[in-house]
Amino acid sequence: MSSLKYKPFFVSFLIIALFFDYTSSTTTFYVRNKCPFAVWAAAVPGGGRELRSGESWVLDVEPTRGQIWARTGCVFNKTGQGKCETGDCKGLLECQDFGTSPFTAARYAIDRFNNLDFFDVSLVDGYNVGMSFFPVTGYCRHSARCKANIIQDCPKELQAPGGCRDACSSLKEDKYCCTPAYCGPTVYSEFFKEKCPKSYSYAKDDVTGMFSCSTGTKYAVIFCP
Ligand SMILES: *[C@@H]1O[C@H](CO)[C@@H](O)[C@H](O)[C@H]1NC(C)=O
């Protein structure tokens with residue numbers, strides 16, 4: 001009899017515990033398109049959708065690693081298949097894989113250790129639109145960004161329709177890629193870094209390119225800040 005008596009209390013306790021566990025275990029990203037043109041926002045995990053100028057997308061993701069980016073010059077049919085000029089993810093409106101160079105990426109890793117999230121604005125896959133990525137709750141004040149118009153100054157050999165590609169995928173030479181033999185800055189990564197000091201410019205740019213805030217923080221990702 002006594003176990004029955006306490007059952008309602010136990011059930012409501014369980015519901016409250018699940019609720020709090022649920023709310024604290026997802027991370028929210030407020031994605032906003034401030035570009036004067038439409039972009040097709042992409043997120044893995046999360047999928048993708050068109051964002052006209054001024055529109056926002058609120059994304060809740062499980063604590064994991066992921067990327068958010070903008071695609072430009074896209075055409076999709078009714079079933080969400082088509083292609084994009086930059087950042088295309090195998091022709092799908094709702095991405096399941098990361099995109100094709102060039103694209104500027106907001107990358108994150110939630111709750112990696114010590115209750116910390118790590119995040120950056122990466123130019124490792126090139127650049128298509130300006131971006132900022134920063135916390136909007138809590139006391140953390142770090143901000144990752146690349147606001148410069150890199151397309152305009154892009155070296156000729158990296159130029160691509162709608163963007164500026166990374167040297168590894170564009171020139172396909174080991175010396176521009178991160179290999180076991182060498183994984184350091186190159187003349188091209190230094191070009192990106194000089195334009196955008198608060199970006200992540202090559203595969204080991206952790207010291208000045210990556211930022212951290214405590215887990216539970218919510219973030220904004222702005223295209224064309
Ligand atoms: C959408 O495009 C895909 C790929 O080109 C094609 O296979 C599919 O039939 C198209 N669907 C519609 C409804 O047009």
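The values are calculated or read from the model by the stated rules, or taken from the named source; none is laboratory data. Since the structure is predicted, the reported quantities are computational estimates derived from the model, not experimental observations. In this analysis, Cβ positions are derived from the backbone assuming ideal geometry, glycine residues included, and neighbour counts consider all displayed protein chains.
Mind checking which residues of region 205-215 are more than 17 Å from the chain's Cα centre (by Cα) and not β-branched (Val, Ile, Thr)?
214
In this structure, is residue 166 crowded, with 17+ Cβ neighbours inside 10 Å and of a type outside the set (Lys, Arg)?
yes
In the set 66, 48, which member is assigned to a strand (DSSP E or B), within 16 Å of the ligand (Cβ to nearest atom) and surrounded by 15 or more Cβ atoms within 10 Å (Cβ to Cβ)?
None of the other options fit; the residue is 48.
If I filter region 32-42 for residues that are modelled with pLDDT of 95 or more, of a type outside the set (A, V, I, L, M, F, W, C) and not in a loop (DSSP other than H, G, I, E, B), do I get at least one hit?
Yes, some residue in region 32-42 is modelled with pLDDT of 95 or more, of a type outside the set (A, V, I, L, M, F, W, C) and not in a loop (DSSP other than H, G, I, E, B).
Of all residues being surrounded by fewer than 17 Cβ atoms within 10 Å (Cβ to Cβ) and in contact (Cβ under 8 Å) with a residue 24 or more places away in the chain in region 110-127, which is nearest to residue 191 (Cα to Cα)? Just the residue, please.
Taking the candidates together, the pick is 116.
Within region 96-111, work out how many residues are within 16 Å of the ligand (Cβ to nearest atom) and in contact with a Ser or Thr (Cβ under 6 Å, 6 or more places away or on another chain).
Total satisfying the criteria: 0.
Identify the residue in region 69-80 that is of a type outside the set (Ser, Thr, Tyr) and in a loop (DSSP other than H, G, I, E, B) and, among all such residues, is farthest from the ligand (Cβ to nearest atom).
Here the residue is 73.
Residue 138: at positive phi and more than 16 Å from the ligand (Cβ to nearest atom), yes or no?
So residue 138 fits the description; yes.
List every residue pair whose Cβ atoms lie under 6 Å apart, where the two residues are 6 or more positions apart in sequence or sit on different chains, the first residue falls within region 163-188 and is under 21 Å from residue 87 (Cα atoms), and the second residue, located anywhere, is among the aromatic types (Phe, Trp, Tyr).
These pairs meet every condition: 163/127; 164/127; 167/176; 167/188; 168/176.
Which residue is surrounded by the most Cβ atoms within 10 Å (Cβ to Cβ), if the candidates are limited to region 184-196 and must be assigned to a helix (DSSP H, G or I) and of a type outside the set (Phe, Trp, Tyr)?
For region 184-196, the residue satisfying everything is 189.
Give, as residue ranges, the strands (runs of 3 or more DSSP E) completely inside region 109-183 that count at least 1 residues that are within 22 Å of residue 208 (Cα to Cα) and more than 16 Å from the chain's Cα centre (by Cα).
116-122
The conditions are (1) touching a residue at least 24 places away in the same chain (Cβ under 8 Å); (2) part of a loop (DSSP other than H, G, I, E, B), and residue 58 fails exactly one of them. Which is it?
(2)
If residue 93 satisfies every condition in (1) closer than 19 Å to residue 162 by Cα; (2) away from the ligand (no atom under 16 Å from the Cβ) but one, which is the exception?
(2)
Just to be sure I understand the filter: pairs with C-beta atoms under 9 Å, separated by 6 or more residues or on different chains, first member in region 66-81 and at pLDDT 95 or above, second member within 8 Å of the ligand (Cβ to nearest atom). Which pairs pass?
74/82; 75/82; 76/82; 76/91; 81/91
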